[in-house]
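A quick write-up on the structure given underneath.
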Amino acid sequence: MPGSFHKVACPDCDNEQIVFGKAASTVACAVCGHTLAEPTGGEAILEGEVVETVEAR
Ligand SMILES: [Zn+2]
C-alpha cells in the first residue's frame with residue numbers, strides 16, 4: 001500500500017492543505033495552527049473535512 005494524499009479543509013479557517021494519509025508526525029494548519037492530522041502508526045486521523053483524495057503512484 002503506497003498510501004495516499006488528502007486535501008483537508010481546516011475546520012477553523014477553511015485553509016486547504018495537502019496531508020499525507022500516513023503522516024508520521026502531527027500536521028498542523030499552516031495558517032492557524034489547528035491540528036489537521038494525528039499520527040497513529042498507520043492511517044493518520046484527519047481532523048478536518050477531506051475535500052479530495054489523491055492516490056500516490
Ligand atoms: Zn486553519
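Nothing in this text is a laboratory measurement; each read-out follows from the coordinates by a stated rule. Keep in mind that what you see is a predicted model, and the values were worked out from it rather than measured. Glycine gets a Cβ as well: all are built from the backbone with ideal geometry, and neighbour counts include every protein chain shown.
What is the spin-label model distance, in nm, from C32 to F20 if the labels are put 7 Å beyond Cα along the C-beta direction? Computed distance between label sites C32 and F20 equals 2.6 nm.
The fraction of Cα-Cα pairs per 10 angstrom bin, counted from 0 for segment 4-55, comes to 32, 58, 10 percent, rounded to whole percents.
Distances between placed amide hydrogens fall under 5 Å for V19 paired with H6, K7, V8, all partners being 5 or more residues away or on another chain.
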